[in-house]
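Beneath this line is the structure, given in structure tokens, with notes to follow.
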Amino acid sequence: MIDIKDKNTSFKICIVKLSAMGDIIHAMVALQFIKKQFPNSKIDWIVENGFKGVLENNPHIDNILPVNLKSIKSNKSEIFTQIKLLNKYAKNNYDLVIDAQGLIKSAIVSKILGGRVVGSQIIGFDKDSIREGISSWFYDKTVSIPYENNVIDRNIKVLCKSLDISVSAKDLMKKDSFLYSKENDTHKTNNIIFVVGASKSNKIYPKEKYLDIAHLLKEDILVVWGNDEEYSIAQWLSSQSNFIKTAPKGNLDDLKRTISQSRLVIGADTGPTHMAWALNIPSITIFGNTPEYRNTCITDINKVIKSASEVNPLKLDKNDFSINEIKANDIVLLAKELL
């Protein structure tokens, strides 16, 4: 059994948070508090291969263990490859496996990883705290926090409260930056970053309004992108204004470094925008069909702007495009306060 009363206790923890980028970032903040309380603990992290770059170079993570569960959708036989990989990871003999995702697939992953050490535990959310309540059947111990609560608070509770670590709102506001790049280039640029993409079309702020923001600010703008559609938007914006440039093609490490060097990040409720909060960089997150009170942490330098629509986090409206109604000038006013 883990002795959580002794700070010098050395034990192995495996965190299961598979995706997506913003969700991983919102969970990563807990690492610094775990390591402060238990500096000798070893922490591994199971993640979808496409997102491992978010975790890389973090001194609080001992091993990043990638999986490719998404491949099973297109190739059912891939399930055997992934189970074999998880059984290999399970040989690390974890004392504690924490499922911070709360999905059936992450619960199954946690079950495969746990249970090899006498007294070990698998921990996750209880059935009333997640959308896929069956997941809770796979855990030895559960924590309760409403699904509609702030996602950062939820992650801290399942990861820290499980170890009797108390993290106050004040502690969170004083957090250390926790995203790390391979090249530790700390020089600052004059760039304001535009994050023009998102996972859903109704989370994307119109490119024409990004252009209005650029014209009103008259500052150096760098548009980051991650796929062909976002690149097309970036190219269109840069063709319309001398203030706007398209970022070069890069990986997640490049993205972390670019954001860490910027003056301000403006973007929708999506991973790269949340990177700014993680890096203690000023930001404005634009919300339409997703709830601002749940999906980010508002600070003196990390602000949000929300459309007028009412949002039910338990049932997001896929037809809610109210983000389009947010005025560029309102975002500019916030930006000027932060610059």
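Computed from the coordinates by the stated procedures, all read-outs in this text should not be read as laboratory data. Since the model is a prediction, treat every value here as computed from it, not as a measurement. Cβ coordinates were reconstructed from backbone atoms using ideal geometry, including for glycine residues, and neighbour counts include every protein chain displayed.
When the dipole is taken about the Cα centre of the range 251-319, and only Lys, Arg (+1) and Asp, Glu (-1) are charged at their Cβ, what size is it in debye, to the nearest 20?
Values: 8 positive and 7 negative charges, 3 e Å.
Roughly 20 debye, rounded to the nearest 20.
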Handout entry: For the range 59-119, size of Cβ-based charge dipole, Lys and Arg +1, Asp and Glu -1, in debye
Key = 320 debye
Practice task
List the pair-distance distribution P(r) of the chain, using every Cα-Cα distance, as the percent of pairs falling in each 10 Å bin from 0 up to the bin containing the longest distance, rounded to whole percents.
Solution key: 5, 25, 33, 24, 11, 2, 0
Fill in the blank from the handout: Counted neighbours (other Cβ, 10 Å), sorted fewest up, put 132, 325 in the order 325, 132
Exercise for the section: Report, to the nearest 10°, how far helix 328-338 tilts away from the longest principal axis of the Cα atoms in the chain, using its own Cα long axis and a range of 0 to 90°. Expected result: 70 degrees
Practice task
Report the normalised scattering of the range 33-143 as log10 I(q)/I(0) at q = 0.16, 0.19, 0.21 Å⁻¹, calculated by the Debye formula with identical scatterers on the alpha carbons.
Solution key: -0.80, -1.11, -1.31
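For a quick check: sort 137, 236, 45 by the number of other beta carbons within 10 angstrom, fewest at the front.
Ranked by crowding around the Cβ, least crowded first: 137, 236, 45.
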Handout entry: Sequence-separation-based contact order of the range 97-172, relative, with Cα cut under 8 Å and 6+ spacing, percent
Key = 28 percent
Exercise for the section: Find the relative contact order for the chain and round it to a whole percent, using C-alpha pairs within less than 8 Å whose residues are 6+ positions apart. Expected result: 15 percent
Fill in the blank from the handout: The simple spin-label model distance between residue 36 and residue 293, using points 7 Å out along Cα→Cβ, in nm, is 2.7 nm
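Going by C-beta contacts inside 10 Å, put 14, 160 in order with the fewest on the left.
In order of increasing Cβ crowding within 10 Å: 160, 14.
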Handout entry: Residues of type lysines that residue 36 reaches as a straight line, Cα spacing below 18 Å, ignoring anything fewer than 8 places off in the same chain
Key = 5, 7, 12, 157, 161, 170, 174, 175
Exercise for the section: State whether the range 192-338 is rounded, prolate or oblate according to the following rule on the C-alpha gyration tensor (a ≥ b ≥ c being the square roots of its eigenvalues): a/c under 1.5 gives rounded; otherwise a/b larger than b/c gives prolate, and the remaining case gives oblate. Expected result: rounded
